[in-house]
Amino acid sequence: MNVELRGITKRFGSFTAVNNVNLQIRAGEVLGLLGENGAGKSTLMNVLCGLYAATEGQILIDGNPVSFAGPGEAIRAGIGMVHQHFMLIPVFTVAENVVLGVEPTGPLDHLDLVQARAQVREINDAYGLEVDPDALIETLPVGVQQRVEIIKVLFRSADLVIFDEPTAVLTPQEVVEFFAIVRSLRDSGKAIVFITHKLGEIREISDHIAVLRRGEIVGHADHPDAISEADLAELMVGRPVSFDVKRNPNPPGEPLLEVADLTVLNNNDDVAVDDISLMVRSGEIVGIAGVQGNGQSALVEALTGLTRVAGGTVSFKGKDITRASARERHRMGFAHIPEDRQRTGLIPAFSIAENMVLDSYYDDRFSTGPTMRWDVVNKAAAHAVVDFDVRTTSVFDAVSTLSGGNQQKVIVAREMFRDTEFLIASQPTRGLDVGSIEYIHSRIAQARDEGDGVLIVSSELDEILALSDRILVMFKGRIVAEFDGATADKATIGLAMAGRYEGAAA
Amino acid sequence: MTSTPISGPVAQKGKKLDTTKVRQAHVTGWILLGLAVLAAVVFGAGSEGTATFRLSRPNDPWALPDLLIPAAAFNYLVAAVLAFLGVRQFLRGGLRWTSLSLGLGMALAVAAFLVWATAGKGFSLTGMLQATVVAAVPITLGGLAGVLSERVGVVNIAIEGMLLAGAFTGALLGSLVGGIGGLVAAVVIGGMFGFILAALVVTYRVDQIIAGVVINLFVLGVTSYVSSQVYSEHRFLNNAPIFSPIRIPVLADLPVLGPMLFQQNLFVYGAIVMVAVATYYLFHTRMGLRARSVGEHPRAADTLGINVYRTRYINVTVAGMVAGFGGAWFTLGSVGRFDENMTNGLGYIGLAAMIFGRWHPVGALMAALIFGFANSLQQKLALLNTPIPSEFLAMAPYIATIVLVAGVVGRARAPAADGEAYVKE
């Protein structure tokens, strides 16, 4: 199936998310669609798979114009999409998820699960996917869940398969396996669209590359080798970029944070952090790598005093702080950039100034008795906004009106606009544009150079490698490997992230 | 492709820290030991003579002999079993059976209580079981209405109002055009309130709790006004026929089970059939799979071409019809006349039954039977002249609600999108 997008434009109110895009998608080829977060890649593909109606423009399938009133019609036309956030129902089995919407039925609307299972097995065998049709989705690792998504698309006999940021949740090993699946799909004659912001991956898997910036196609390459990674990056961002953070000039100092035999339970009383010991020195960035959901969140919550510790001790500069409250830790010089800026980092409806003092409103600087000193707060916020490059017209604007990058900078400003000694940053650049990533990385490195101890938790291995002086890998609640930041290589860390590292654990 | 299974962030189930489980077991153990003391000191030492439980009625074709239980001995035995179960909780082997032991212990304690109250007197067990089934009907139907709407992600607090509306309409139309007409009208009015709830929460995205409460207050206000202002003048408007019991040949003659299940009116049979149909619908049909997907992950359902809004409208409307049918039980199936606020919170107990039944129709039925049992126990015990004031006994169904929902049920999981409005992009 060949698909052509002709002059596609999508506006949301006055905002143009996609502007006059022309694209050719051909059977038996992988089209790589590169762009930053917010460049309009997902919007464009949601138009193609019928979730959005295009404001202007045409979609042609094998030369015939088509229009979709909803996702159902796009599916029937042979267009399937594997979403970035999996569209799977956790409490259903694989077979139930696969057939949902196009179920085989008998008399009385009876759901024919026997046939459903058989059909799943057929697709399994045809593409070597190996998924148990009776497994509950919530018990499967993400890599397998992704295969279920692929089976879903194939079950609906899609000829065009769109992958939206498919590798974001995978370990490096899973990415290799995933690419093998994509190639086998391509070789069987499917047309593939591969959406990503990762430069290396797009050159590895694509037959053609198109680069999207601010909703417009800004560059094409007919062959991945026809364009260098640096040129791709420049096309994507619109200016030359450097992803290198300068290394630590000074050797690390005294141990700052020491964690011994820490065990933390999650809300279901399952063990999330399993007997972890680690240490962070002043003037050192320690990175914690690992696939999301391996206990990193619970570790960060325990270190920042947001959750109860089930066993073990945390000490800071030799003092036991295992039971210290979040505020006590904050006063000792802890700074915390939480993983979810919308939910735990900020109060979106509050103004920038109000968000800036969420951690220190009680301080004598900002309040007299029960009365807030808003004049002082606003002045301090105005300072911080300038200092941390938050792009806004006023500190009175609600944080929810800012872009993701600027929201994150508000958090960084609040946490670091004072004398800190220890910084915990969890997914500090998730979903941000390249400019904001560069900036936040430089602030983190600066804190380290000023003698802070820094602990970074990220599922982006590139981020860990760029920043860390030392790398720890978390897997199933344990630290399974330790690497030196300067010499660590991606493949070995990837193995450890999948729990297959044979070296000595830290 | 490699054939090695990919290891990833699989939830580490089963690997719970022993301490939490042990704590749970110890709490259970103390409760069981407490019940053992109660059974021995109050029920055991306080009983004299024999408790006589009548299993048959005089004209039953196959009569069973009365069950004679030496009260004190029986209760000491119960106390011993409870103590054994309690002590087991403190030993290592008891960990696996914690909730089962608690459930068994509660049942035994209730049995001991019953024997103590009956000691030296006679008590019709069959009568009480029959009353249990009857009392369970509105709770079952309320719970079923809850299951149907919450499975598609709509929290249905309005069940109480729908029951009340069904009761009112059933009585009014029943008085005017007869029982069948009243029943149909009750179902229609219940469906109408279901549709209104769906419109409020699906289309207008009103908070689901608030929308439900508004419906409850509206129905309570209107029906109370009419019954106090209009019915006092025009009594013929509130004088509906009652559906009489239908004997099912042969089965109705079975001892105990016959009176319980096969000599009941339309509402009991209707409730059982509806539970069966709903179970088949939710778990064995295409429509049911789609409905559940809407309650778990509406966005995913939408991407697969399932109409989330229509699914919610249909299911919530049907839930309203079920509740309307349940409401008619209060008037057409029971007393034949409408009284102010006659549902008296049973809709909320229906919701509790839904939770205790883990959002499953059969579970809701079982839970409703427990609540029904507590209710009929209270009524029958009032006849036995126990030293406990009848006001305390009247609390039994509500205490059962609290204990069951808070204690025994554990962590039941609601549909993931329960209570959330779905906004199409």
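The values are calculated or read from the model by the stated rules, or taken from the named source; none is laboratory data. Everything quoted here is computed from the prediction, not taken from an experiment. Cβ sites come from the backbone with ideal geometry, for glycine too, and all protein chains shown count toward neighbours.
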Any residue at all in the stretch A:321-331 that's in a loop (DSSP other than H, G, I, E, B) and among the hydrophobic types (A, V, I, L, M, F, W, C)?
yes
How many of the residues making up the stretch A:349-392 are touching a strand residue (DSSP E or B) at 6+ places or on another chain (Cβ under 7 Å) and under 23 Å from residue A:439 (Cα atoms)?
1
Pairs please, first residue from the stretch A:73-91 and more than 7 Å from chain B (Cβ to nearest Cβ), second anywhere and surrounded by 19 or more Cβ atoms within 10 Å (Cβ to Cβ) and aromatic (Phe, Trp, Tyr), Cβ atoms under 6 Å, 6+ apart in sequence or on different chains.
A:74/A:68; A:82/A:163
Just checking, does the stretch A:104-119 include any residue being at the interface with chain B (Cβ under 7 Å from one of its Cβ atoms) and in contact (Cβ under 8 Å) with a residue 24 or more places away in the chain?
no
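Of the residues B:112, B:131, which single one is among the hydrophobic types (A, V, I, L, M, F, W, C) and either in contact with a Phe, Trp or Tyr (Cβ under 8 Å, 6 or more places away or on another chain) or surrounded by 24 or more Cβ atoms within 10 Å (Cβ to Cβ) (or both)?
Numbers: B:131 fails: either in contact with a Phe, Trp or Tyr (Cβ under 8 Å, 6 or more places away or on another chain) or surrounded by 24 or more Cβ atoms within 10 Å (Cβ to Cβ) (or both).
Among B:112, B:131, only B:112 is among the hydrophobic types (A, V, I, L, M, F, W, C) and either in contact with a Phe, Trp or Tyr (Cβ under 8 Å, 6 or more places away or on another chain) or surrounded by 24 or more Cβ atoms within 10 Å (Cβ to Cβ) (or both).
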Tally up the residues in the stretch A:118-144 that are in a helix (DSSP H, G or I) and either under 17 Å from residue A:176 (Cα atoms) or touching a strand residue (DSSP E or B) at 6+ places or on another chain (Cβ under 9 Å) (or both), please.
5
Kindly indicate whether residue A:18 is over 14 Å from residue A:217 (Cβ atoms), more than 21 Å from the chain's Cα centre (by Cα) and in the same structural domain as residue A:148 (by TED's automatic domain parsing).
no
Which ones in the stretch A:298-354 are at positive phi and within 27 Å of the chain's Cα centre (by Cα)?
A:305
Sort out which residues of the stretch B:322-368 are among the polar types (S, T, N, Q) and in a helix (DSSP H, G or I), and write them in order of number.
B:331, B:334
Strands (runs of 3 or more DSSP E) fully within the stretch A:399-506 counting 2 or more residues that are more than 14 Å from chain B (Cβ to nearest Cβ) and surrounded by fewer than 21 Cβ atoms within 10 Å (Cβ to Cβ)
A:478-484
All conditions in (1) at pLDDT 90 or above; (2) of a type in the set (A, V, I, L, M, F, W, C); (3) buried (at least 21 other Cβ atoms within 10 Å of the Cβ) are true of residue A:27 except (3)
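Picking from A:141, A:166, which residue would you name as being under 17 Å from residue A:291 (Cβ atoms), under 19 Å from the mean Cα position of the chain (by Cα), surrounded by 20 or more Cβ atoms within 10 Å (Cβ to Cβ) and within 11 Å of another protein chain (Cβ to nearest Cβ)? Explain how you work it out, then say what you get.
Working: A:166 fails: within 11 Å of another protein chain (Cβ to nearest Cβ).
Going through A:141, A:166 in turn, the sole match is A:141.
Here are some residues: A:97, A:64. Which one is among the polar types (S, T, N, Q) and either surrounded by 18 or more Cβ atoms within 10 Å (Cβ to Cβ) or facing chain B (nearest Cβ under 7 Å) (or both)?
Numbers: A:64 fails: either surrounded by 18 or more Cβ atoms within 10 Å (Cβ to Cβ) or facing chain B (nearest Cβ under 7 Å) (or both).
Of the residues listed, the single one that is among the polar types (S, T, N, Q) and either surrounded by 18 or more Cβ atoms within 10 Å (Cβ to Cβ) or facing chain B (nearest Cβ under 7 Å) (or both) is A:97.
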Do we find a residue being away from chain A (no Cβ under 12 Å), among the hydrophobic types (A, V, I, L, M, F, W, C) and either part of a helix (DSSP H, G or I) or touching a helix residue (DSSP H, G or I) at 6+ places or on another chain (Cβ under 9 Å) (or both) anywhere in the stretch B:297-317?
yes
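Would you mind listing the helices (runs of 4 or more DSSP H) fully within the stretch B:117-203 where at least 2 residues are under 19 Å from the mean Cα position of the chain (by Cα) and of a type in the set (Val, Ile, Thr)?
Values: elements: B:125-150, B:159-177, B:179-198.
Passing ranges, in order: B:125-150.
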Does the stretch B:178-198 contain at least one residue that is surrounded by 15 or more Cβ atoms within 10 Å (Cβ to Cβ), in the same structural domain as residue B:334 (by TED's automatic domain parsing) and in contact with a Pro (Cβ under 9 Å, 6 or more places away or on another chain)?
yes
Determine, yes or no, whether residue A:254 is modelled with pLDDT of 85 or more and not assigned by TED's automatic domain parsing to the domain that holds residue A:49.
yes
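Does at least one position in the stretch A:191-198 carry a residue that is of a type in the set (Gly, Ala, Ser), surrounded by fewer than 19 Cβ atoms within 10 Å (Cβ to Cβ) and either at pLDDT below 95 or out of contact with any Pro (no Cβ under 8 Å at 6 or more places or on another chain) (or both)?
So the first thing to find is which residues in the stretch A:191-198 are of a type in the set (Gly, Ala, Ser), and the list is A:191.
Cutting the leftovers down to surrounded by fewer than 19 Cβ atoms within 10 Å (Cβ to Cβ) gives us none.
Looking through the stretch A:191-198, none of the residues is of a type in the set (Gly, Ala, Ser), surrounded by fewer than 19 Cβ atoms within 10 Å (Cβ to Cβ) and either at pLDDT below 95 or out of contact with any Pro (no Cβ under 8 Å at 6 or more places or on another chain) (or both).
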Name every residue in the stretch A:250-283 that is in a strand (DSSP E or B), over 25 Å from the mean Cα position of the chain (by Cα) and acidic (Asp, Glu), in order of residue number.
A:258, A:261, A:275
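Among the residues in the stretch A:145-164, are any in contact with a Ser or Thr (Cβ under 7 Å, 6 or more places away or on another chain), among the charged types (D, E, K, R) and assigned to a loop (DSSP other than H, G, I, E, B)?
Filtering the stretch A:145-164 down to residues in contact with a Ser or Thr (Cβ under 7 Å, 6 or more places away or on another chain) leaves A:164.
Subset that is among the charged types (D, E, K, R): A:164.
Subsequent filtering for residues that are assigned to a loop (DSSP other than H, G, I, E, B) retains none.
No, the conditions are met nowhere in the stretch A:145-164.
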Exclusive hit being surrounded by fewer than 16 Cβ atoms within 10 Å (Cβ to Cβ) and within 29 Å of residue B:124 (Cβ to Cβ), set B:248, B:209:
B:248
